[in-house]
Amino acid sequence: MRLLRLNSLICLLALAASIFWLATPAVAQFWNGSIDTDWHTGANWDGGAVPTFGNNAVVASNVNSGTIVDITAANADTDGMFVGLEVNGTVVDGTVNHSAFLGTYTNGMVIGRGGATGNYNQTGDSSVITGFVAIGTADAGAVTPAGTGNYNLGDTATLTANSFLMMGEFPNSVGTMTLSGNSTVNATIGANPSVIVGRQGSTGTLNIHDSATLNATDRIHVGDFEGAKGTINQDGGTVNSAVTWLGVFDAGGQGTEGTYNLSGSAIHNTNQVIVGRDGGKGTLNVADSALVDINDALIIGDFNGGNGAVNQSGGTVDVGQWVGVGNAAGTTGAYNLTGGTLNIGTRATDDLKVGDAGVGTFTQSGASTVNIHRDLVVSAQGSAAGSAYTQDGGDVNVGITGGWMIIGRDGGSNGTYNLNGGNINATGRLVIGANGGSDGSMAIGPNAGTVGTGDSLIVGREGNGSLDQLGGTINTQYVDIGGDAGNNNVAATSRYTLAGGTLNATNDVRTGLNPNPGTPFVSGFNVVGTSVVNVDGSLIVSIDGNGHFLSLGSAASLNFGGNLDANSANVAQLIWGTDANGVNPLHIGGDVDVTGAELLLQLVDGDPGTGLTTIAQTTPSDLLLIDNQGANAVTGLLSFNSLTSPLQPLNEGDLLVDGALGLLDGLQYRITYLGGDGNDVVLNLVPEPTTLALVGLGTLVMAVTRRRKSGRM
């Protein structure tokens, strides 16, 4: 009866080609343990003979429910090994202790099936060569309960599985494998997954300790298909695989999850890692001094609703090519870096993409470092809102040579970078809102460190870009707001607001480089608060598009070693706003050209429509707008813009006439281009009685708009 039952099982399993079961039925030989625990005692087996090739050894006896078998004295050779299963309606647990010699199980091993618990303990210098290994399983579609299997290897034991190695198969089964000491497992199948930890509603666990080694010729799947839960815990040793997938295939929303925990001195070598694929949820945790060495790509959240997360608190993750976080439409990916180092790429095309059609987030803090061979892109293409990089500490190094940092790259992208602490070094450009239809924003907090670029800072190249700086230091060459030199494509809304910290530029600051559809009021450079601007080159306002420069308050330091060029064929504005002590003068080391530029003044509290909120000047006084430190006189004349009246050309000594909005709040000023040491632009307060009565009530904002000569670059 028992023979018929097991042979029927083997025939059934032979039909399940998708799970690699036994292909050739063999005669079952049952253990009865009537003499002792020695495998090689014939009387311990039904039929009185030790199993050999052509037999399937079944270590489960309803005669001896505490079934224990020891393999210590010689080789064990069979077609198959079954440890712990149901026998004639009785669930019988089984244990094999294999401490020496070779076990050859041609077809495969089943450890724990049909509600039973099976244990295979392999120690010493023992070896096993087999086909498949199923640890914790059940019959496909059968009503019999699932089994629990445990396979433990220690010392210098070796297991070679020439077909799949699986921990947990079919719903509710539980499979666990533990490697310790200097043990080795070789999963050699060259197609399909070599190792599966948790499949189809089961729970699988793989523990790797000490100096143990797992070699997988093909893929490792952790949490595979329809609600499986898989976990690898590795605190030592080495895992080598072709590809590693965590959380794979969950078409029915059944909660497929795969988790890989690396800590201690663990090493994982592979060609590719995918964390969360095809509806599954994957998690990779890296801590201590662990090393993850990936020859190709690390993909977090991939394909058809995949959801992945990497949490790195220490160790090193080396990625030979690229990293994608939120790598396809409908996917979600997150990388949380609180310690350790992430190294990306060795080629000129190797990038970190946070949000590449999917939603990606990257958070960085602590003593952490990110090194990227080429570009860092936040929201590459068509990403839904929410793709963001938040840096609270650590260092980000972009580009071995010429790497770009891009926030919002292609049409439909929407990227955000929040720098609250730490430093950024990009050897190439920092671009916010790169191509047409993109949206990018960057916020630099008061506790940020240094942002360095080897080339230029571009805010709104062709897309919408905004940069808000409350602290820290930016070191760059050019600052381009609203376009890119040499690029005549239309630029969208672009704004750089410096409300704290320092901007250092070795070349020019340029606004309105490309044609744009917006008003000059929304595209330009705003300086407020206790900011510092040190620019070796010029301030150029409006080249081929509309633009502005705005200064609000009197606490900033605005220093330009080159020229002020506000001569444009387009609309250009220079805007000043007061605080209690007046305004920030522009210190210009070269020539000043304001031909056709518009001057906008606001001397009232609140926001009368300019988008600015000012602080009333305590005692209205003369206002130095442009400190012309060069030897030449100012070129051109300003035009006053009251926002409601026609432009008012301002000749030497002209009185500024307030408009309907009352931006001057009843005060009167006369302009001079001969102020200060003879060539400064100054507004002299006219001490009329009506004006004096309003002292202390007003707030001043001035804007100068210039019109650049057509055709001038």
Next item on the list: Provide, for q = 0.17, 0.19 Å⁻¹, the log10 of I(q)/I(0) from a solvent-free Debye sum over equal Cα point scatterers in region 452-496.
Entry: -0.47, -0.57
Item checked: Summed side-chain charge close to T106 - residues other than T106 whose Cβ falls under 15 Å, Lys, Arg +1, Asp, Glu -1 -> -2
Next item on the list: At 7 Å along the Cα-to-beta-carbon direction for both T90 and V27, put a label point, then send me their distance in nm to one decimal.
Entry: 2.4
Check: How large, in percent, is the carbon and sulfur part of the accessible surface of region 472-563 at a probe radius of 1.4 Å?
Finding: 49
Next item on the list: Kindly provide the pair-distance distribution of region 95-220 built from C-alpha pairs, with 10 Å bins from 0 and whole-percent values in order of increasing distance.
Entry: 16, 48, 32, 5, 0
Next item on the list: Highest first, please rank the peptides 666-675, 217-226 by the mean number of other Cβ atoms sitting within 10 Å of their residues.
Entry: 217-226, 666-675
Check: Which percent of Cα-Cα pairs in region 540-682 sits in each 10 Å bin, short to long?
Finding: 12, 44, 38, 6
Item checked: Label selected from (i) 36.5, 124; (ii) 31.3, 109; (iii) 25.6, 83, the criterion being Rg and Dmax of the Cα atoms in Å as computed here -> (i)
Next item on the list: Give me the accessible area per residue for the chain, probe 1.4 Å, as a whole number in Å².
Entry: 32
Note to self: If I model region 358-514 as equal point scatterers sitting on the Cα atoms and use the Debye formula, what is log10 I(q)/I(0) at q = 0.13, 0.15 Å⁻¹?
What the structure shows: -0.50, -0.68
Check: Ranked from highest to lowest mean number of other Cβ atoms within 10 Å per residue, what is the order of the peptides 365-375, 160-170?
Finding: 160-170, 365-375
Item checked: Charge context of G382, other residues only, Cβ under 14 angstrom, K/R +1, D/E -1 -> -1
Checklist line | Exposure rank, largest accessible area first [K353, K229; 1.4 Å] | finding: K229, K353
Next item on the list: Just reorder E257, E462 by solvent-accessible area, largest first, 1.4 Å probe, all chains present.
Entry: E257, E462
Check: Taking 0.36 nm per residue of separation and subtracting the Cα-Cα distance, what length does fully extending E652 through H40 add?
Finding: 208.9 nm
Notebook entry, point to check: What percent does the relative contact order of region 490-591 come to when contacts are Cα pairs within less than 8 Å and at least six residues apart?
Noted result: 27
Note to self: Quick check: the distance between the Cα centres of region 149-213 and region 634-685, to the nearest angstrom?
What the structure shows: 82
Notebook entry, point to check: Which whole-number percent of Cα pairs in region 505-561 have a distance greater than 19 Å?
Noted result: 33
Next item on the list: Round to the nearest 10 and give me the degree value, 0 to 90, for the angle of helix 2-15's Cα axis relative to the longest principal axis of the chain.
Entry: 40
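The values are calculated or read from the model by the stated rules, or taken from the named source; none is laboratory data. The shown structure was predicted, so the numbers you read here are calculated from the model rather than taken from an experiment. Every residue, glycine as well, gets a Cβ built from its backbone with ideal geometry; the counts of neighbours run over all protein chains shown. In case anyone asks, the SASA skips ligands and DNA or RNA and just uses the protein heavy atoms, side chains included. Shrake-Rupley method; radii C 1.70, N 1.55, O 1.52, S 1.80 Å.
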